[in-house]
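This report refers to the structure that appears directly beneath it.
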Amino acid sequence: MTTANPSRWTLVIHGGSGSMRRGVLPEAEDAGGRAGLKAALDAGAAILSAHGSALDAVEAAVRILEDDPLFNAGRGSVFTAEGRIECDAAIMDGATLDAGAVAGVRTTRNPITLARAVMEQSPHVFLAGAGADGFARAHDIEAAEPEWFETPERRRQLEEILARPDGAFDSGMKYGTVGAVAVDMDGHIAAATSTGGLTGKKWGRVGDSPLIGAGTYADDRACAVSCTGSGEYFIRLGLAHEITARVRLAGESIEEASDELIHELGEMGGKGGVIVVSADGSGGWAFNTPGMYRGMATHDAPPEIAIYDDE
Ligand code: GLY
């Protein structure tokens, strides 16, 4: 079921959830985060307001966030324990249930564009590692040297984690994944998610973001979902698909389904958030962390950007 409306569209984006608190988050990160979200919203909104597709809009918004070194995706991704950067991304078209995903990408500037190429130009859904980067080169998708992704702040964060006696992940960390969900004027929806994963990740660890149904899902019959947070919990809940299934099969609103799944995530010990749009044009988010970089733009309201839970 689609609900085409020649003037209606909605775009929701996130730049990660985590421990961001008002007055504690450095002013530069607050202002820089809002500016980055605004640029991503503007890019997606320009496409949707010109009757472009939800798929084009979510890719465009995520590309902006991948190129922004403040966010943990593409340039500015976190380092693995070995001091490398390995990016994951996924995209899904709610009209067809077509999907593409990549994991452990090291030399492709915009992993989300590579995920889309996997969806549209290969018979597969999910490519990993050097093979995924090789697919990008074979399909003329822009390359970048590994050093292009690196920033001094992410290097400092890795050194901080490696200096801990147990080398443990920080439970108060920012899960800086980025994502976008949109519904276009034709009533089609799409979801896109991109991340560097967790600082200090080892052993080829892959989180929820590139896993279709865990961190990313879209179905025109219900809604589109992109997640951010402690990926292992999102994987175990099949969280993005679970929200979609509740909306489609149980008749829950996107608010009810999102709030319930974030509650279940918290009960298990997981932290993070989701952004959602429904095929009827409504959009929103839910999260259980002190903050989540997020924004929404629609055909009939000024763009809304927020970081803290009291906004
Ligand atoms: N949610 C991103 C990750 O766990 O990698």
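In this Cβ point-charge picture (+1 for Lys and Arg, -1 for Asp and Glu), the stretch 141-276 has a dipole of about 460 debye about its Cα centre.
State to the nearest 20 debye the size of the charge dipole of the chain about its Cα centre, where the only charges are +1 on K and R beta carbons and -1 on D and E beta carbons.
The calculation lands at about 600 debye.
From the Cα gyration tensor of the stretch 60-131, with a ≥ b ≥ c the square roots of its eigenvalues, which class applies: rounded if a/c is under 1.5, or else prolate if a/b is larger than b/c, or else oblate? In terms of gyration-tensor shape, oblate. Of the DSSP H helices in the chain, those that are both long (alpha-carbon extent of 27 Å or more along the helix axis) and hydrophobic (Kyte-Doolittle mean at least -0.5) are 27-49.
Roughly how many whole Å is it from the C-alpha centroid of the stretch 138-159 to that of the stretch 32-89? Each part's Cα centre sits 14 Å from the other's. Along the chain, the longest continuous region that contains none of the trypsin sites (Lys or Arg not before Pro) in a DSSP loop with at most 15 other C-beta atoms within 10 Å is 85-201. Backbone phi angles across the stretch 178-194, fed through the Karplus curve with coefficients 6.51, -1.76 and 1.60 (θ = phi - 60°), yield HN-Hα couplings of 10, x, 8, 9, 8, 10, 9, 5, 8, x, 8, 10, 8, 9, 9, 9, 8 Hz in residue order; Gly and Pro are listed as x. The shape of the stretch 209-311 comes out oblate: with a ≥ b ≥ c from the C-alpha gyration tensor, a/c is at least 1.5 while a/b does not beat b/c.
Our compactness index for the chain, the C-alpha radius of gyration over the empirical 2.2 N^0.38 Å, is 0.90. Restricted to Cα atoms, the stretch 77-189 shows a radius of gyration and a Dmax of 16.4, 54 angstrom. Residue order by solvent-accessible surface for Leu239, Leu97 is Leu97, Leu239, largest first, with ligands and nucleic acids left out and a 1.4 Å probe.
For the stretch 1-156, what does the alpha-carbon gyration tensor say about shape, rounded, prolate or oblate, given a ≥ b ≥ c as the root eigenvalues, a/c under 1.5 as rounded, and a/b over b/c as prolate? Oblate, because a/c is 1.5 or more while a/b does not exceed b/c.
Computed with every protein chain present, the accessible area of Asp42 is close to 70 Å² [probe 1.4 Å].
The values are calculated or read from the model by the stated rules, or taken from the named source; none is laboratory data. Predicted model, so just to flag it, every value in this text is computed and none were measured. Positions of Cβ are backbone-derived with ideal geometry, glycine not excepted, and every protein chain shown enters the neighbour counts. Protein only, heavy atoms only, side chains kept; ligands, DNA and RNA dropped before computing areas. Shrake-Rupley method; radii C 1.70, N 1.55, O 1.52, S 1.80 Å.
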